[in-house]
Amino acid sequence: MVQKNDKAPHILNTSANLLGICFLVLTSLKVLKLSETTFIDECTSVATILFMSSSVLSFLSIRSNTSRSGRYESIADIIFLCGLICLFITIMMVTFNFIK
């Protein structure tokens, strides 16, 4: 039985938007030549990879008509949460001036 993928379109939309924000942050850091903030670069790069993976898996979940559709959606959901946690840690570090 094929599971209905209710969350996959929402995951795809949100992770694609956050992926764009991550690219914007990385580009801004490169343009402003803030190379000393390597932790921000690294954490944002990890979040970019996580959001890209989540986007691909949620797209596969939407397009798949097999029993793997639910599995793709579950994995995309977990990866998306990891990306959010990564961005949260970065924002908290910047907000509380742990990174200078």
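Test L26 against the stated conditions and say whether it is aliphatic (A, V, I, L, M) and crowded, with 19+ Cβ neighbours inside 10 Å. No: the conditions fail for L26. Take the conditions out of contact with any Ser or Thr (no Cβ under 9 Å at 6 or more places or on another chain), aromatic (F, W, Y) and at pLDDT 90 or above and apply them to F59. Does it pass? Yes; evaluated as a whole, the condition is true for this residue.
Once the range 47-70 is narrowed to residues that are surrounded by 17 or more Cβ atoms within 10 Å (Cβ to Cβ) and under 21 Å from V94 (Cβ atoms), the residue that is nearest to the chain's Cα centre (by Cα) is F51. Being under 21 Å from K7 (Cα atoms) and not in a helix (DSSP H, G or I) is not true of N17. Note on the range 48-67: residues that are in a helix (DSSP H, G or I), over 13 Å from A16 (Cβ atoms) and touching a helix residue (DSSP H, G or I) at 6+ places or on another chain (Cβ under 8 Å) total 2.
Every condition in (1) hydroxyl-bearing (S, T, Y); (2) in contact with a Ser or Thr (Cβ under 6 Å, 6 or more places away or on another chain); (3) more than 12 Å from C86 (Cβ to Cβ) holds for S54 except the one numbered (3). For the residues I11, I89, the requirement of being in contact with an Asp or Glu (Cβ under 9 Å, 6 or more places away or on another chain) and in contact (Cβ under 8 Å) with a residue 24 or more places away in the chain singles out I11.
The values are calculated or read from the model by the stated rules, or taken from the named source; none is laboratory data. Owing to the predicted nature of the structure, the values given are computational and were not obtained by experimental measurement. Cβ coordinates were reconstructed from backbone atoms using ideal geometry, including for glycine residues, and neighbour counts include every protein chain displayed.
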